[in-house]
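The values are calculated or read from the model by the stated rules, or taken from the named source; none is laboratory data. These numbers were taken from a predicted model, which means no experiment stands behind them. Cβ sites come from the backbone with ideal geometry, for glycine too, and all protein chains shown count toward neighbours. With ligands, DNA and RNA removed, areas are computed over all heavy atoms of the protein, side chains included. Shrake-Rupley method; radii C 1.70, N 1.55, O 1.52, S 1.80 Å.
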Amino acid sequence: MTPPESPPAPVPEPAPVAEPQTEEDDLSLGLAVRRARQARGLSLKQVADAANVSVGFLSQIERGISSPSVRALRAICAILDVPVLELLGGGEADPNNEARRIVRAGQRRRVDFGDKGMVKEFLTVHDQGMLQVMELTLDPDGGSGEDAYTHEGEECGVVLEGRLELYVDGAIYRLGEGDAFHFESASPHKFRNLANGRTRILWITTPPVW
């Protein structure tokens, strides 16, 4: 007699698969990729196709559950037009170079014109370039003075707060908050505060005057 067949051995259940580890660096990189992509108005598919990676893989990168190879990351950065180091968080400025580019709020160069009721704070680091940017604060009825003046270049600005009377080449303009101006500096010009309180103006000249 043929012995009865033994029942098949049970197939062991597969061990549960752990979710991919989301390291902090991967999460940071993924968030940077997503922000750069969205800032440029590109879809996942557009970037993935152009970078020759799958949409699923790109999505995993953005969620921080996959790490791209250097080649893939370079391709993605090329499509997004951002440096690789910027996405990796390596774009932080060298503190030693900050003084060449940054003016901190409490470190502005400041000139007080005393009885003219005007203070100029310089927002540009130096005056060797083509631009000079200032924030002017005028006391009530403060300004540049009674006499119009001229110099080479151009000027533009915007009233940040208050009201400004601007005289340019015989014409008088009254500007309120958010109003902007632009004129040739060779035209005789002067200005004063029309508000009961202070007036602040973002004022730009090219080339620098002060």
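Once the C-beta distance of Leu31 and Arg100 is scaled by a Förster radius of 30 Å, the resulting FRET efficiency is 0.50 to the nearest 0.05.
For the range 115-129, putting each phi into the Karplus relation 6.51 cos²θ - 1.76 cosθ + 1.60 with θ = phi - 60° gives couplings of 5, 7, x, 9, 10, 10, 10, 8, 9, 9, 5, 9, 10, 8, x Hz, in residue order, rounded to whole numbers and with x for Gly and Pro.
For a test of the definition: using alpha carbon positions, the gyration tensor, and the 1.5 limit on a/c, classify the range 116-210 as rounded, prolate or oblate. Oblate, because a/c is 1.5 or more while a/b does not exceed b/c.
Surface listing: Glu177, Glu98 arranged by accessible area from highest to lowest gives Glu177, Glu98, probe 1.4 Å.
Per-residue accessible area (protein heavy atoms, 1.4 Å probe) orders Asp81, Asp115, Asp49 as Asp115, Asp81, Asp49, starting from the largest. From most to least packed by mean Cβ count within 10 Å, the peptides 146-155, 163-172 give 163-172, 146-155.
With contacts taken as Cα pairs under 8 Å and at least 6 residues apart, the range 33-140 reaches a relative contact order of 15 percent. Per atom type, the range 76-191 shows carbon and sulfur on 48% of its accessible surface, probed at 1.4 Å.
Computed from backbone phi, the HN-Hα couplings of the range 184-192 come to 6, 5, 6, 7, x, 8, 7, 7, 7 Hz, rounded to whole numbers (Karplus: 6.51 cos²θ - 1.76 cosθ + 1.60, θ = phi - 60°; Gly and Pro given as x). For the listed peptides 67-77, 121-131, a ranking on the average number of other beta carbons within 10 Å per residue, highest first, reads 67-77, 121-131. Using bins of 5 Å that start at zero, the share of Cα-Cα pairs per bin across the range 46-148 amounts to 2, 10, 13, 13, 8, 7, 7, 8, 9, 8, 5, 5, 4, 1, in whole %.
Exposure check, 1.4 Å probe, all protein chains in place: Trp203 carries approximately 10 Å² of accessible surface.
Under a 5 Å amide H cut-off, with hydrogens placed 1.01 Å from N, Arg163 pairs with Leu194, Ala195 among residues at least 5 apart or on other chains.
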